[in-house]
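The values are calculated or read from the model by the stated rules, or taken from the named source; none is laboratory data. Here the structure is a predicted model, which means the values were calculated and not measured. A quick note on method: Cβ atoms are made from the backbone with ideal geometry, for glycine too, and the neighbour counts reach across all protein chains shown.
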Amino acid sequence: MRTQVAIIGSGPAGLLLGQLLTNAGIDNVILERASREHVLSRIRAGVLEEGTASMLDEADAGSRMRREGLPHEGFDLAFDGRRHRVDLHGHTGGKRVLVYGQTEVTKDLMDKRAATGARAVYEAADVLPQDFATGRPYVTYKVDGRTHRVDCEFIAGCDGYHGISRKSVPDDAIETFECTYPFGWLGIIADVPPVNEELIYANHPRGFALCSMRSPTRSRYYVQVPVEEKVEDWSDARFWDELRRRLPAATAEAVTTGPSIEKSLAAIRAFVAEPLRFGRLFLAGDAGHIVPPTGAKGLNLAASDVHYLFEGLRDYYIDKSSAGLDAYSAKALDRVWKAVRFSRWMTSTLHRFPDQDAFGQKIQHAELDYLFQSRAALTMLAENYVGLPY
């Protein structure tokens, strides 16, 4: 098989890049080790920046998102038993975010790819990018025990943190930066109405909590727990009780409980690889970086990577210029590190740390109290939350 761009991974980054390339007349193939059904079963984030939503529109895959997505012009921060609203719309000149699940984004992009007849190989085993340091890269994979080869001009590694793309880079060509946190997020999804029309982030002596949603009838809730906790030790009743303890009294009373349809525990960490280009191999999305979910940046950073990478590939094939590809890593990482900074600030401000003493708790309280006394501080929070410009 021969193509112009071989894309490894069919998460949102790979699918979005593939669709943008297809629309521009640039041939591409997606290789995915899992089944289509498995990819669609992954439960992930659901807060889209305007830039991400616009890119889905550009890919001609945003119509259902525009119909069913929930525009949010703000969110609440709860501490000291009170809720305080962050007016995203008012502090950013009219910007907002859109609540729309990553699974739905993936489905829309898969459906669009199928409709356009672009090639995708699912359940491709032993995918391996090769010779990407030369001008003749290729990717090998197996289906039903038979080895296949895709000759290409560029490889886009969009296969996530555990994927083969970054692992294929020689150790002396890449540098990694990592921060792990001593807690995780225990999350559930339940088919109950959300407690609020907008998200609620809660700082509480017992730990962080987040009230989110996927639709007007499906809620997503999280509580901070020690990293060594086990999901099976948390019954639905125990989770609901703990969530309500961390919310202001009136909010806790308004929570509608019900059986969970999904329950999971996610470790909290930050990870960045530099650079994001290795000859003719480019990393995008979680293959190159992970951020704590507190700032809702993971999916959005994948989209911004795709923005820069697509621009570079389009310029290469249409304008015969390699300037965009040469600038890809620096441009993408500049935005990545700013998102890491913001996510770290949100995480440090809203969570309780095991070694946090009384002094640290006072500083955290002062940070939150100051936030709602300063328009400049709220503007900083709002403009980062809605997404910095590309």
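Some points to look at:
- When V169 is tested against (1) outside any loop (DSSP other than H, G, I, E, B); (2) β-branched (V, I, T); (3) surrounded by 18 or more Cβ atoms within 10 Å (Cβ to Cβ); (4) within 24 Å of the chain's Cα centre (by Cα), only condition (1) is not met.
- Residue list for the stretch 317-360, restricted to those being of a type in the set (A, V, I, L, M) and either in contact (Cβ under 8 Å) with a residue 12 or more places away in the chain or in the same structural domain as L301 (by TED's automatic domain parsing) (or both): I318, A323, L325, A327, A330, A332, L333, V336, A339, V340, M346, L350
- Within the stretch 349-366, the set of residues being out of contact with any Leu (no Cβ under 7 Å at 6 or more places or on another chain) and surrounded by 17 or more Cβ atoms within 10 Å (Cβ to Cβ) comprises L350, H351, Q364.
- Residue in the stretch 304-316 that is charged (D, E, K, R), farther than 21 Å from F183 by Cβ and free of Cβ contacts under 8 Å to residues at least 24 places away in the same chain present: yes
- No other residue among R83, R66, R96 is without any contact (Cβ under 8 Å) to a residue 24 or more places away in the chain, closer than 30 Å to M380 by Cα, surrounded by fewer than 20 Cβ atoms within 10 Å (Cβ to Cβ) and in contact with a Leu (Cβ under 9 Å, 6 or more places away or on another chain) apart from R66.
- The condition (being in the same structural domain as R33 (by TED's automatic domain parsing), surrounded by fewer than 22 Cβ atoms within 10 Å (Cβ to Cβ) and touching a Lys or Arg at 6+ places or on another chain (Cβ under 8 Å)) is satisfied by just one residue among A115, A125: A125.
- Picking from residues in the stretch 229-256 that are β-branched (V, I, T) and surrounded by fewer than 17 Cβ atoms within 10 Å (Cβ to Cβ), the one that is nearest to N196 (Cα to Cα) is T256.
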